[in-house]
Amino acid sequence: MKPQTWLGYVSRGQAPKPLPDADEHGRRRWAADEVRAFPRPGAGHARSAAGPAAEALLAEMRATAARIEELRGRQRELLAAGKERGLELRAMAKALDISRQTAYSWLVGRADPD
């Protein structure tokens, strides 16, 4: 692990506690065995040490993302229906809580079956 990575864990309070005595320059030290056994958090690291609670949380995140995509699709349907009824883009964007640019891009990107 790079020193910068370790220092990031230390600054976020994720690293194990340092040894009680500093080195001859006054710097904190850690037990080598504790550092080697440290279950590294974050992306790019195997989640084998994360445990069932972390896996359950990740599953909930995936389910939430799927629901968000479903709702995003419904927003697009409502936007298209509003366009067909002649509603103003600004009003529709505000009602859907999206930017006018997003609403416009969704309408322009939509294939017109006519």
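Across the chain, the relative contact order, built from alpha-carbon pairs under 8 Å that are at least six residues apart, equals 11 percent.
Please label the shape of segment 64-114 as rounded, prolate or oblate, based on the square roots a ≥ b ≥ c of the eigenvalues of the alpha-carbon gyration tensor (a/c under 1.5 means rounded; beyond that, a/b larger than b/c means prolate, else oblate). Verdict is oblate for segment 64-114. Counting only lysines at least 8 places from K94 when in the same chain, those with an alpha carbon closer than 23 Å to its own are K83.
Using the Cβ-Cβ distance between R85 and E60 with R0 set to 30 Å, the FRET efficiency works out to roughly 0.20. Against the empirical curve 2.2 N^0.38 Å, the C-alpha radius of gyration of the chain lands at a ratio of 1.89.
A short reminder: the numbers here are calculations on the coordinates, not readings from a lab. Nothing here was measured: the structure is a model prediction, and the numbers come from that model. Neighbour counts run over all protein chains shown; Cβ positions are idealised from the backbone, glycine included.
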